[in-house]
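S.K.: Here it is: the structure, laid out below.
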């Protein structure tokens, strides 16, 4: 008798496995673009080996997202600057007439959209294994490692894992997501044997998990915790000094573990294809905000001049600094988040339990045994206009009550973000955008932005609901 989970997985495979016609069309496009890149490179007198890499080369791609990765392998003598000049120029000419976007990982590459298919043309060095000059040099070796280990069944198991990770929002190694790459999905299935075995194993993963497919280390659990700091460590089969899971953030790992348990316990297509978010009406949003009784602080600013990975790196760094700033001033944060359309609008969201604090702040001084520190403390606080009460001794140490410099979280943020907020730890490019165009809004003051931006409305709706979309 076929179980409910087996029926669901069969249905997912029917939706995600490329049809014969689609596979034929995508492979033909990949072949055509490979030849075009070769022709343009020849005219540019650049010695390149052009290869199709990634999921298309390995037949592990999903029907709905046939990304074509074309790699230009250049001699190691080519200067790195050529990646952003000569190589980019070749990629642009090879995809002339298509929508083109310059992307940046460790170095520039070109993304183009052709026949509704995303194409990435990426330069890398043609090197021997282990003699890496750029991060992308490993990719051809990844393809060569994985391909001989695949068959139709394993490819389908990988498709299931990719679709599952997409459904729960943990797929993608880019900084914005901080999740699992396609290569990582392939390694997990190869190690455990199937999609369900991956989920069963993940359901029991400990605080730190170590996987070493090639057995480079005699005792991975004993040795690798000294070398790698990440919560999930999967040794790259083509480079024993690299963690293939280094991009996976703790929260994405936690979500994967939790969602794996949910699917095994209560199988549902919801985890593969969650319902689309319908934004709350303005009145519904206001009701939800009032019900919380907290203060939602929106730090809104304009365009940051940076490509996606750089942008999100700077946003997350700034988010951590703002969180630290607010907490250090005794405002209790319930939750915080960051949103960006990656074009013209960026928003930090800080939800504090109380917008205002009392003027009085109790400040603990040094214990009595620290004689010199006690003298400095007394000199600072006796007669100070900020001293409300004290100094006095409580439980063996000096104590004073002082007037807070900022009793309003809005006043604090306005003061610290004036001029961009570099001194408050705001990242450089974000700081430049903040200095140019900053609004600090509270609760219902965000309604104009909410009403005029559908994507932000979805984000804020999901925030106030606070429930994982893949939960039934």
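The values are calculated or read from the model by the stated rules, or taken from the named source; none is laboratory data. Here the structure is a predicted model, which means the values were calculated and not measured. Neighbour counts are summed over all protein chains in view; Cβ atoms, including those assigned to glycine, are modelled from backbone coordinates with ideal geometry.
S.K.: Could you check how many residues of the stretch 447-472 are more than 25 Å from the chain's Cα centre (by Cα) and in contact (Cβ under 8 Å) with a residue 24 or more places away in the chain?
M.R.: Taking the stretch 447-472 and keeping what is more than 25 Å from the chain's Cα centre (by Cα), we get 447-448, 451-452.
When the remaining residues are screened for being in contact (Cβ under 8 Å) with a residue 24 or more places away in the chain, the result is 447, 451.
Total meeting the criteria: 2.
S.K.: Also, I was wondering about something else. I'd like the full set of residues that are over 19 Å from the mean Cα position of the chain (by Cα) and touching a residue at least 40 places away in the same chain (Cβ under 8 Å), limited to the stretch 243-270. Please lay out each step first, then the result.
M.R.: First pass over the stretch 243-270, keeping only residues over 19 Å from the mean Cα position of the chain (by Cα): 260-270.
Scanning the stretch 243-270 gives 260, 261, 262, 263, 264, 266, 267, 268, 269, 270.
S.K.: Looking for whichever is under 30 Å from residue 273 (Cβ atoms) and surrounded by fewer than 19 Cβ atoms within 10 Å (Cβ to Cβ) here; the options are 5, 46. Which one fits? Show your work before the answer.
M.R.: Values: 46 fails: under 30 Å from residue 273 (Cβ atoms).
Just a single option satisfies the conditions, and that option is 5.
S.K.: Can you go through 104, 71, 141, 164 and tell me which one is in contact with a helix residue (DSSP H, G or I) (Cβ under 9 Å, 6 or more places away or on another chain), buried (at least 16 other Cβ atoms within 10 Å of the Cβ) and more than 28 Å from residue 8 (Cβ to Cβ)? Give the steps one after another, and end with the answer.
M.R.: Numbers: 104 fails: buried (at least 16 other Cβ atoms within 10 Å of the Cβ); 141 fails: in contact with a helix residue (DSSP H, G or I) (Cβ under 9 Å, 6 or more places away or on another chain); 164 fails: more than 28 Å from residue 8 (Cβ to Cβ).
It is 71.
S.K.: Can you say whether residue 180 is farther than 17 Å from residue 13 by Cβ, surrounded by fewer than 19 Cβ atoms within 10 Å (Cβ to Cβ), at pLDDT 95 or above and in contact with a strand residue (DSSP E or B) (Cβ under 8 Å, 6 or more places away or on another chain), as far as the supplied structure shows? Write out each step before concluding.
M.R.: Details: farther than 17 Å from residue 13 by Cβ: yes; surrounded by fewer than 19 Cβ atoms within 10 Å (Cβ to Cβ): no; at pLDDT 95 or above: yes; in contact with a strand residue (DSSP E or B) (Cβ under 8 Å, 6 or more places away or on another chain): yes.
For residue 180, the condition - farther than 17 Å from residue 13 by Cβ, surrounded by fewer than 19 Cβ atoms within 10 Å (Cβ to Cβ), at pLDDT 95 or above and in contact with a strand residue (DSSP E or B) (Cβ under 8 Å, 6 or more places away or on another chain) - is not met.
S.K.: I've got another one for you. Taking strands (runs of 3 or more DSSP E) that do not extend beyond the stretch 317-376, which have at least 2 residues that are touching a helix residue (DSSP H, G or I) at 6+ places or on another chain (Cβ under 7 Å) and at pLDDT below 95?
M.R.: Details: elements: 333-340, 346-352, 360-367.
Result: 360-367.
S.K.: Mind telling me which of the residues 98, 91, 135 ends up being in contact with a strand residue (DSSP E or B) (Cβ under 6 Å, 6 or more places away or on another chain) and surrounded by fewer than 21 Cβ atoms within 10 Å (Cβ to Cβ)? Outline the logic, then answer.
M.R.: Details: 91 fails: surrounded by fewer than 21 Cβ atoms within 10 Å (Cβ to Cβ); 135 fails: in contact with a strand residue (DSSP E or B) (Cβ under 6 Å, 6 or more places away or on another chain).
Unique residue meeting the criteria: 98.
S.K.: Can you find a residue in the stretch 416-438 that is surrounded by fewer than 15 Cβ atoms within 10 Å (Cβ to Cβ) and closer than 18 Å to residue 281 by Cα?
M.R.: Step one: list which residues in the stretch 416-438 are surrounded by fewer than 15 Cβ atoms within 10 Å (Cβ to Cβ), which gives 418-419, 423, 428, 436-437.
Keeping just the survivors that are closer than 18 Å to residue 281 by Cα gives none.
Checked against the condition, which is being surrounded by fewer than 15 Cβ atoms within 10 Å (Cβ to Cβ) and closer than 18 Å to residue 281 by Cα, the stretch 416-438 yields no hits at all.
S.K.: Please state which of the following conditions residue 216 fails to meet, knowing it meets all the rest: (1) in contact with a strand residue (DSSP E or B) (Cβ under 9 Å, 6 or more places away or on another chain); (2) in contact (Cβ under 8 Å) with a residue 24 or more places away in the chain; (3) assigned by TED's automatic domain parsing to the domain that holds residue 251; (4) surrounded by 20 or more Cβ atoms within 10 Å (Cβ to Cβ).
M.R.: Status for residue 216: all satisfied but (4).
S.K.: Kindly provide the set of residues from the stretch 271-303 that are under 21 Å from the mean Cα position of the chain (by Cα) and part of a loop (DSSP other than H, G, I, E, B), ordered by number.
M.R.: Result: 272, 273, 274, 276, 277, 302, 303.
This table checks each residue for (1) farther than 21 Å from residue 71 by Cα; (2) in contact with a strand residue (DSSP E or B) (Cβ under 7 Å, 6 or more places away or on another chain); (3) touching a residue at least 60 places away in the same chain (Cβ under 8 Å); (4) not assigned by TED's automatic domain parsing to the domain that holds residue 69.
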| residue | (1), (2), (3), (4) |
| --- | --- |
| 161 | yes, no, no, yes |
| 165 | yes, yes, yes, yes |
| 169 | yes, no, yes, yes |
| 186 | no, no, yes, yes |
| 189 | yes, no, no, yes |
| 199 | yes, no, yes, yes |
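S.K.: Going through the stretch 54-67 one residue at a time, which ones are buried (at least 22 other Cβ atoms within 10 Å of the Cβ) and not in a helix (DSSP H, G or I)?
M.R.: Within the stretch 54-67, 60, 61, 66 qualify.
S.K.: Quick one: which strands (runs of 3 or more DSSP E) lie wholly within the stretch 68-150 and hold at least 2 residues that are under 15 Å from residue 57 (Cβ atoms)?
M.R.: Working: elements: 68-75, 99-104, 108-114, 117-126.
In the stretch 68-150, 68-75, 117-126 are the strands (runs of 3 or more DSSP E) which contain 2 or more residues that are under 15 Å from residue 57 (Cβ atoms).
S.K.: Right, another one. Applying the selection to the stretch 201-213, what residues are in contact with a strand residue (DSSP E or B) (Cβ under 9 Å, 6 or more places away or on another chain) and either surrounded by fewer than 16 Cβ atoms within 10 Å (Cβ to Cβ) or under 24 Å from residue 267 (Cα atoms) (or both)? Working first, answer last.
M.R.: Step one: of the stretch 201-213, the residues in contact with a strand residue (DSSP E or B) (Cβ under 9 Å, 6 or more places away or on another chain) are 201-202, 205, 208-213.
Within the stretch 201-213, 201, 202, 205, 208 qualify.
S.K.: Here is a check on your reading of the model: is residue 88 outside the structural domain of residue 158 (by TED's automatic domain parsing), more than 19 Å from residue 189 (Cβ to Cβ), in contact (Cβ under 8 Å) with a residue 12 or more places away in the chain and out of contact with any helix residue (DSSP H, G or I) (no Cβ under 8 Å at 6 or more places or on another chain)? Working first, answer last.
M.R.: Values: outside the structural domain of residue 158 (by TED's automatic domain parsing): yes; more than 19 Å from residue 189 (Cβ to Cβ): yes; in contact (Cβ under 8 Å) with a residue 12 or more places away in the chain: yes; out of contact with any helix residue (DSSP H, G or I) (no Cβ under 8 Å at 6 or more places or on another chain): yes.
It is true that residue 88 is outside the structural domain of residue 158 (by TED's automatic domain parsing), more than 19 Å from residue 189 (Cβ to Cβ), in contact (Cβ under 8 Å) with a residue 12 or more places away in the chain and out of contact with any helix residue (DSSP H, G or I) (no Cβ under 8 Å at 6 or more places or on another chain).
S.K.: Moving on. Looking only at the stretch 401-415, which residues are surrounded by fewer than 17 Cβ atoms within 10 Å (Cβ to Cβ) and in a helix (DSSP H, G or I)?
M.R.: Once the filter is applied, which keeps residues that are surrounded by fewer than 17 Cβ atoms within 10 Å (Cβ to Cβ) and in a helix (DSSP H, G or I), the stretch 401-415 yields 410, 411, 414, 415.
S.K.: Which count do you get for residues in the stretch 304-329 that are over 21 Å from the mean Cα position of the chain (by Cα) and without any contact (Cβ under 8 Å) to a residue 60 or more places away in the chain?
M.R.: At the first step, the residues of the stretch 304-329 found to be over 21 Å from the mean Cα position of the chain (by Cα) are 325-329.
Narrowing further to those that are without any contact (Cβ under 8 Å) to a residue 60 or more places away in the chain: 327-328.
Count: 2.
S.K.: How many of the residues in the stretch 381-400 are under 22 Å from residue 358 (Cα atoms) and outside any loop (DSSP other than H, G, I, E, B)? Outline the logic, then answer.
M.R.: First, the residues of the stretch 381-400 that are under 22 Å from residue 358 (Cα atoms): 381-392, 394, 398-400.
With outside any loop (DSSP other than H, G, I, E, B) added as a condition, the list becomes 381, 387-392, 394, 398-400.
Number satisfying all stated conditions: 11.
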